[in-house]
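Student: I have a structure I would like to understand better, so I am pasting it below and will then ask my questions one at a time.
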Amino acid sequence: MKLNSSYKMFSMSLLASALLIGCGGNSDTTTQTLSGSVIKGPIDNATIMLKDVSGRILATSISKDGKFELNTKKLDSNFYILESQSGSYEDEATKKIVTLTSTMGLKTLLTKTELQEMLDSKKPIAITPETTIYATLVKKFIDNGDDLSSAMNKAQTLITNTMIKDSSPMPGLLGDKFLREGDFTTALPKDQTEAFARNRAVSFSYMVRDLGLEPKDAFMVMDEISNDLEDGVADGIMIGDRDINTSQEFSLSRTKLFQDTTTRMQNGQMSESEKDEFRKMGFDVDRFDDSMKNKESNLSAEVERYLKSTTLPLLNILPTIEDEDGNPNDPKATYTFTANKDVNVTIKSPNGSWITPMYRYNDNQLPLVVKTARGNQMTLNLNNQLDDDSTIHWHGFKIPADMDGGPDLPVAPNRNKAYTFKMDQPAASLWFHPHPDMQTGKQVYMGLAGVYLLEDNITKTLEAQNKLPSGDKDVVLLVQDRRFADEVNGVRELLYMDKNMDILGMYGDDILVNGSIAPKHEVSNAQYRYRLYNVSNARNYNFALSDGSKFTVIGTDGGLLKNPVEVDQILLGPAQRVEIIIDFSKYSIGDKVMLVSKPFNGGMMSMMGANMSGGSMMSRMMHGDQNMGDMMNENQNNQNMNGNQGMSNQTMINNGIGFSILRFDITTDEVDPITLYTELPSNAQINIRYTLADTTNSKERQFIMSMGNMQNGGNMIGQNGSMPQMNFVINGKTFDPKRVDEFIEAGATEVWSIKNLSPMAHPFHAHAIQYQILDRDGIPASGVDLGWKDTFLIQPGEIVRVIGKFEEINKGDYMYHCHILEHEDAGMMGYFRVGDSGVLGEQ
Ligand code: C2O
Ligand code: CU
Ligand code: CU
C-alpha cells in the first residue's frame, strides 16, 4: 500500500471544492476546448474564467455538478489565469452547502507553454487553494519587480519547502513541481488527480469546520498563508475572537483526515468507489483490508487456542499491603515501600514458568495494593534501594505538590522520603509509580508500580446494599506488556529499549495480567467488578470479551460513573483505568470466555508495524527513499518484527493488533446477590459536572502535542527530508526542570484544550486534580467520557477539551505530560504552577 500518496494528500489542504479537471482538445489554430469533470464536493454554478496576463477574460463557463467546458482561442499571452468565482459546494466535513460570494475566487496560473502542453496532452488542470496561494505569490513577486519565470520559481520553492516538504510526513513523492496542472501526473496517472485533490479538499474542509470558518474567513486564511510563506513567519491570525495559527491548523486537519480515513478503512466503512480512488492512487487498500481481516482471524485463532488450553496459570490476586500502625480501623495509615532491584520474580505462562529479575517494592513477587478510605491521613515511606534516584508519584491524587512525587523532588539511592497527606477525594482506582527525571519508563517497566484503592461512604454503602460487587468479586487487573530475553538457565531477563530507538515507546511482546501471561480467573455465574489498569509504558488496549458480549463501565480514573454505561469494547491508553462489571450469569458452568484486546486503528504507526527503530523503516520513511507500501509489504512478509537488533527475536505485538489477555472460567454456580446501581445517590460529590459557566478564565489553556523536528513546528520530517532529531514536545517545548510552563491561580476553574498534531495517539496526563472532558472535536462528552479522568487518550488530529478546578491544596508545581513513559522521559512534559508561591519557589 502506498501510503505516501495518501500522506501527500494530507500534506496539502484544499478548500472543499474546486478541482476542475480539464481535458484539452488539440492545439489547432482556432478553437480549443477544455472540458472538465469535477470531483466529489465540486463547486457547482461557479463561473470559470480563463484570463490573460492583463486580466482580459478570454473564455467563461459555468460549472455544473463540477463539470465545465471552456473554449479558448489561439494562445498569445505570456501566462494565463484560470479562475473560479462564486458557486456553491457541499463541504466534505460538515456536509453543509457552502455558498461563495461572487468576489471569492480560486485561481491557478499557467504559462503559455504549460497551458498549451495541457491542452495537447489532455492533462488535468487543478484550481485549488494551493494554486490560488501560488498565483497570489507570483503576482506579488511580479509586482515587486520579478520577471515571470523567477516569480514562478520563487513561489513554487516557497510552497514546496514550507507547505509540502516540511509539513508532510512523506516528502518528495510528487517532486517539487506539484502545483499546477500536469505536474500531478508526473507522479500520479491522470485519473488519480481527482482522488488526490479530493482528499486535500477534505483536509481543508476539516480546518474550515474546526475553526468554524465562513467562506470569507477561509479565503482570509489562504491570504494569510501566502503572507506567511512570503515572510517565513507562521503568524497567528485573528478571526473574530480567535487566534489562529494557520500552519498548526493545517497540520491538525491533515492529521485528523489521516486518522479518520484509516479508521474508516479499518472499520470497513469505505465505499467501493472510495476504495477505488485509493487504489488508483497506488494505495493498496486490499492488502490493508486483508491485514485487518488477518488481525481479526489471528485473534479468533488465538482465542480458540487459549479457550482449549489446559495449561493456563491461575490469575494472581494482587496482595494488599498491611497498615503498619497496627490499627487498620483508625483514620491513619502507614506503609513503607522499599524499592528493590534484582528481585527474582517467577513469571507464569501457559508454556511454563521462569525467573525474571525485576524491581519490586518490598521484595514482593507482585505489585502491591493499598486499600484505604477517604479522609484517612496517610504516611507512605519510600526507601530507595535502587542505584538511581527515584520517587513515588501518586497518580490521580489531589494532594499537595511537595507530596506529589514529581521529578523535582527526587529521592537519592539509599535515602528515604515520607509522603504524608490526607486523602480527600471520591473513591477511585488510583495507582502509584516512580517519576524520576528520564528514568520513569525504565523503573516502571522493571516492575515498580502499585495499586491504590480508595473507598468512601458512597462505595461502602453501595457494596453493603449489594449494588456493587465486592470482596473476591472486586478484582484488580493490572495489564502490562513486557519483552523477555531468551531463557538462560531458567532466567529470562527483561529487555528495555534504548529510549531513542522507538518513537512508539516501549512495546512488549507478552501481555501480563497481575504478573502472569494469559492467566485464567475462575468465577461464578455472577457479576464481577474488574478494575482494569493499563499500566503499560506505551501500549493501548481495546478491551472486549471474546464472544462479543457487552459489559458495563461503572468507573473511570477518578471514580464511579453517575450512570453505568454498557459497551462492547473500551480503549484504554497507558495510565488510564476503568472499572467494569462483567455479568457471567448468562454462562453455564464449564463455559469459558476471554478478555481480549480487539484490533483498532493504531494510527499511521500501526500501518507500518510497531517497529520503528532508527535504522530501519523510520529512517527510510524520513529519507523518503522507500515508500510505505514497500514498508508495509516488508512487514506483511516479516511476521517477526524483529528489527530491533540485539533486543529480541520475538514477535513484537503490533500496535492495534488483536490479542488475548485473560480467560474467565465459569466454575461455580451461585445466585447472584448483586443488582447493579443505575444511578449514584444524589448527594455523591462525584456527581458534580462542571460546565463552561464555571470557568474563571476566559482564555482556554492550549496544550499542543507533537513529535518531530522542532525547527519545523513539530513535524516529522527534517529540512531537506533528512533524518531529524526526533523531539517529543508539548507546545513546542521539551521538558526543562528549571522552567515553569503554565501559571494557574489557586481556586481557578480552567478549560484546557489539548490538541494532538502528531500521527499517533498520546495519553495526556496532568497531576494535581481529576478533570472532566467537556468535548472532543466540539462534540460534547457522553457515556464513559462523562467520568472523571486524569489521563486522556488524544487521537491524531483530535482536540479534547477538559475542565478542572484547582484548589488551595493544589498550590505548587505539578507536571503535565504524555503518559507514554518513553515520551515523558524524552521530554514530552511540562510544569504548571498553581498559586503564586510554588513550593519550589526557585523554579
Ligand atoms: Cu502517572 Cu506524571 O504520572
Ligand atoms: Cu500522575
Ligand atoms: Cu506521547
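Read the figures in this text as sums done on the coordinates, not as results from a lab. Computed from a prediction, not measured in an experiment: that's the story for all the values here. Counting neighbours? That spans all protein chains shown, and the Cβs are built from the backbone with ideal geometry, glycine included.
Student: Sorting W354, W752 on the 10 Å Cβ count, fewest up front, what's the list?
Tutor: Sorted ascending by nearby Cβ count, the order is W354, W752.
Student: Another question, if that's okay. Using a simple charge model, +1 on the beta-carbon of Lys and Arg, -1 on the beta-carbon of Asp and Glu, nothing else, what dipole does the range 739-801 show about its Cα centre, in debye to the nearest 20?
Tutor: Values: 5 positive and 9 negative charges, 27 e Å.
That gives the range 739-801 a dipole magnitude of about 120 debye.
Student: In the range 389-539, with Lys and Arg counted as +1 and Asp and Glu as -1 at Cβ, which of these residues, G396, Q465, Y530, has the Cα nearest the positive end of the dipole, that is, farthest along it?
Tutor: Q465
Student: Projected onto the charge dipole of the range 375-516 (+1 at Lys/Arg Cβ, -1 at Asp/Glu Cβ, origin at the Cα centre), which of P413, V476, P436 gives the Cα projection farthest towards the positive end?
Tutor: Positive-end residue among those listed: V476.
Student: Something else: Students often forget the sequence filter, so: which lysines lie under 24 Å Cα-Cα from K738 once same-chain residues fewer than 8 apart are removed?
Tutor: The reachable lysines, counting only those whose Cα sits under 24 Å from K738, are K398, K417, K442, K499, K811.
Student: Here's something else I'd like to know. Which of the peptides 442-451, 757-766, 78-87 is most tightly packed, and how do the rest follow, going by the mean number of other Cβ atoms within 10 Å of each residue?
Tutor: Going by the mean number of other Cβ atoms within 10 Å, highest first, we get 757-766, 442-451, 78-87.
Student: Now for a different question. Can you tell me how much longer the chain between S77 and S470 gets when fully stretched, taken as 0.36 nm per residue apart minus their C-alpha distance, in nm with one decimal?
Tutor: 133.1 nm
Student: Sequence-distant or interchain residues sharing an amide H contact under 5 Å with Y452, placed H: which?
Tutor: V370, L430, W431, F432
Student: Going by amide H atoms built from the backbone, whose H comes under 5 Å of the H on A46, apart from near neighbours?
Tutor: Hits under the 5 Å cutoff: S63, S88.
Student: Which shape class, rounded, prolate or oblate, goes with the range 488-546 when its Cα gyration tensor gives a ≥ b ≥ c as root eigenvalues, a/c under 1.5 marks rounded, and past that a/b bigger than b/c marks prolate?
Tutor: The shape class here is oblate.
Student: Oh, and also: Apply the Karplus parameterisation 6.51 cos²θ - 1.76 cosθ + 1.60, with θ equal to phi minus 60°, to every residue of the range 296-306 and state each ³J(HN,Hα) to the nearest whole Hz, in sequence, with x for glycine and proline.
Tutor: For the range 296-306, the Karplus curve yields 5, 6, 4, 5, 5, 5, 5, 4, 3, 4, 5 Hz.
Student: For T320, enumerate residues with amide H under 5 Å from its amide H, sequence gap 5+ or separate chain, H modeled in the peptide plane.
Tutor: V369
Student: While we're here: Below 8 Å between Cα atoms, with a sequence gap of 6+, how large is the relative contact order for the range 503-597 in percent?
Tutor: 36 percent
Student: Using Cα pairs closer than 8 Å and at least 6 residues apart in sequence, work out the relative contact order for the range 394-536, in percent.
Tutor: Values: 179 pairs, mean separation 30.9, N = 143.
So the answer I get is 22 percent.
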